[in-house]
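Here the structure comes first, spelled out in structure tokens, and everything after it is commentary.
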Amino acid sequence: MSLIEVVLGGVITGGLYALIAVGFNLQYGVARIFNLAYGEFLMAAAFAAFWMFTLAHIDPILGMLASVPVTFAANWLVYRVLMLPLVQRARTRDDLEGDTILATFGLLFVLKGAAQLAFSPDNRFYDYLNVPVHVLGFTFAANRVLAFGVACVAGLAIWLFLTRTRYGAAMRALAIEPTGARLVGVDATAMSALAFAAGGALVAVAGTLVSTFLTFNPAVGVEFTMKALVVVMMGGIGNMVGSLLAGVLLGVAESLCSYLIDSGLTLAVAYFLFLIVLLVRPRGLFGTP
Amino acid sequence: MRVALVLVVLALLIAALAAVPWLVSDYGLGFMLNLMCYLVLTVAWALFSGTTRYVSLATAAFFGLGAYTVAMLIKVLPIYACFAVALGLGTLMALLVGLVTLRISGMFFVIFGFGLSELMRELLVWWEINKTHTMGRYVFVPFDTTMIYEHLLGLAVLVFAVGWWLKRSRLGLALLVIGDDETMARQAGINVPLAKVLIFVVSSVFMTVVGAVMAPRFGYLTPNVAFNPMISFTVVIMALLGGMQRLWGPLLGVIPLILLSEQLQVRFPFWYSVLLGVVFMVIVYFLPRGVTGLVEHALGLLREPAALPRGVAELVASVRARLVGQPTGGS
């Protein structure tokens, strides 16, 4: 395997990380909810795809027509029912951060435990488009290329939504200037709920794509939450383009690490990048230092 | 006089606890051992998070570090030397984490701690598979349950002593101000990062040593067992359930949850996870000050005189006014 192939493989994984991070950034940057249970929704979507494929032979990409709206609705409910009381009782942003960290930390264990109960803690895998394809003279697994394509489409859709629609503009305003946004008439509660739900929908897309080429089990959520956090911190909170670039960067770094050292150290790579950001540019790679 | 009485009572209590291994069955001892283990972890957690209000999710990382250090070194070093190495490594890791993350903002600290135990697990699994070609280690030492229990009891006494001292020290005062308002603390001339890193190191070292002492209890350790994320979770929930305004607060959280885990954890581990999650969320939503808060609220109600009916209050006041100046007997 040549180095270029390794880097391109990293870009493909990175596209997925970017998608996961943009979803987290919508939840944290816009809705101000620090959601430690974020990865659990990825895990849930992966299981949904797995069961639909194994039991009913439904194509995972088509299956998203069902699983993504359900996750969107579930996240909307999580915001309205669980997060809104915390938003209303918090006096400062620090209070809210502390409370949401704790509440979603509890939610993480509820969802993980429920998945372990329902699906057993075993590793799952299904064979979907596991054939080589040739792109630009390089060889990749078809499922990964498809995942990258879908991630690009989803990323483009969310970018168009954020930049071309009134709702998108309202969300960006909330991310940058919460008080000012309210003053010009942005319905902060409704927009936050929508952003939170949209973040959940993105992670459901990501979960479906992950399930097509990676082994997963009910405990994988934490790892993806952690990677989303690292990418968001690298790209800058509320900065969606930053998340996209940082996601690709993480994917390439991981890919290089598994090529040069070992494939079992992906989290270590994420931590290493996180450390560099912490020490050198605590406000993100693209933020003003 | 009162101080002496309190000291005597405390000494008797410690003596009684120290005698437990000879008074109860093996099952009872196992239970008490679990209780002591989580008591030290929770009080140590509250030392840092209760004062600075930074939620630390890294307990499992330090516990695992201690436990796995012992597992790796037990064949080449005597057990107390293993504990000493664990203590050193715990200090080092706490210093590194603290210096890197606590300078900036609470958010980075939470994130870093959240993934730290996963990172340690991943690194150790990689190391064991590729470098030492083992997966899991036996910890067979003449260090039986009674010894483990007595050491944990010692640590518990020590951690309470540190907590007691902290409330009366300049560092404790500084931490209280930081927890209340960090900007004001800085204005008042407190070296905020130094205070935070110091208390984080103290708290983490306790966790590491607990892990080290508990290692022989497992008998066989793999990185997956040592770095169990449930430990971080359980400790946060115990501390929050108990409440952290008082030093004894964690006690009220540890005891009920240990009882619960005895019933559920082994037989229905996944139900246990779900149930703990639910309990945790209930606490966050409805009991932000923990059981201690409830108890103090109730005590406060008892101490306050009930509101007297209109007219009676004035009568009482006038009687009291007439009594003023009259001798009331020895004080």
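Rule-based calculations on the coordinates, nothing more; no lab input. Computed from a predicted structure; not experimentally measured. As a convention, Cβ positions derive from the backbone with ideal geometry for all residues, glycine included, and neighbour counts pool all protein chains shown.
Brief remarks follow.
- Seen from every direction in turn and averaged, the convex hull around the alpha carbons of the protein assembly as shown projects onto 36.0 nm².
- The calculated FRET efficiency for B:A18 paired with B:L95, based on their beta-carbon distance and R0 = 45 Å, is about 0.85.
- Note on A:113-121: average number of Cβ atoms from other chains within 10 Å of each residue's Cβ is 4.
- The mean number of partner chain beta-carbon atoms within 10 angstrom of a residue's beta-carbon across peptide A:83-89 is 1.
- Sequence-distant lysines (8 or more away, or on other chains) whose Cα lies within less than 22 Å of A:K227: A:K112
- Positive contributions from Lys and Arg (+1) and negative ones from Asp and Glu (-1), summed over other residues with Cβ under 9 Å from the Cβ of A:T266, come out at -2.
- In degrees, nearest ten, helix A:221-235 long axis to first principal axis of chain A (Cα): 70 degrees
- The value of relative contact order for chain B, using C-alpha pairs under 8 Å at least six residues apart, is 28 percent.
- Sequence-separation-based contact order of chain A, relative, with Cα cut under 8 Å and 6+ spacing, percent: 39 percent
- Computed FRET value (nearest 0.05) for B:S25 with B:L158, which takes r as the C-beta separation and R₀ as 25 Å: 0.35
- For a straight C-alpha distance cut-off of 19 angstrom, the lysines reachable from B:K167 (same-chain residues fewer than eight places away being disregarded) are B:K196.
- Computed lengthening from B:W165 to B:W248, 0.36 nm per intervening residue step minus Cα-Cα distance: 28.5 nm
- Degrees between helix A:3-25 axis and first principal axis of chain A (Cα, 0 to 90, nearest 10): 30 degrees
- Expressed as a whole percent, the proportion of Cα-Cα pairs in the range A:80-213 lying more than 26 Å apart is 46%.
- With a simple spin-label model that places each label point 7 Å from the Cα along the Cα-to-Cβ direction, the separation between A:T215 and B:E296 comes to 5.0 nm.
- Per residue of chain A, the DSSP helices (runs of n ≥ 4 H) give a summed -39500 (n - 2.57) that works out to -24500 deg cm²/dmol at 222 nm.
- Using a Förster distance of 22 Å, the FRET efficiency for A:S2-A:V131 (Cβ separation, nearest 0.05): 0.60
- Only helical runs count toward this figure. For chain B, summing -39,500 (n - 2.57) over DSSP H runs of n ≥ 4 and dividing by all residues gives -25500 deg cm²/dmol at 222 nm.
- Label-point gap, in nm, between B:W271 and B:A4 - each point 7 angstrom along Cα→Cβ: 5.4 nm
- With 5 Å bins from 0: P(r) over chain A, alpha-carbon pairs, percent: 1, 6, 12, 17, 19, 18, 13, 8, 4, 2, 1, 0
- The protection proxy used here, the mean number of other Cβ atoms lying within 10 Å of each residue, ranks peptides A:108-117, B:205-214, A:200-209, B:154-163 as follows, highest first: A:200-209, B:205-214, A:108-117, B:154-163.
- Neighbour counts of other Cβ atoms within 10 Å put A:M64, B:M238, A:M52 in the fewest-to-most order A:M52, A:M64, B:M238.
- Partner lysines whose Cα lies under 18 Å from the Cα of B:K131, excluding those fewer than 8 positions away in the same chain, are identified as B:K75.
- By the count of neighbouring beta-carbon atoms within 10 Å, fewest first, B:L47, A:L279 end up ordered A:L279, B:L47.
- Tail beyond 37 Å, pair distance distribution of chain B (Cα, percent): 26 percent
- Share of alpha-carbon pairs per 5 Å distance bin for the range A:88-167, given as whole %: 3, 11, 9, 9, 8, 17, 18, 12, 7, 4, 2, 0
- Ordered by the number of other Cβ atoms lying within 10 Å of each residue's own Cβ, fewest first, A:S192, A:S67 fall into the sequence A:S67, A:S192.
- The separation of the range B:63-86 from the range B:175-243, counted between C-alpha centres, amounts to 20 Å.
- Test item: A:90-103 mean partner chain Cβ contacts at 10 Å: 3
- Positive-end ranking of B:P142, B:A215, B:V8 along the dipole of the range B:2-251, with charges on Cβ about the Cα centre, is headed by B:V8.
- Derived value for the range B:132-236: Kirkwood hydrodynamic radius 16.5 Å. Basis is the mean of 1/r over every pair of different alpha-carbon atoms.
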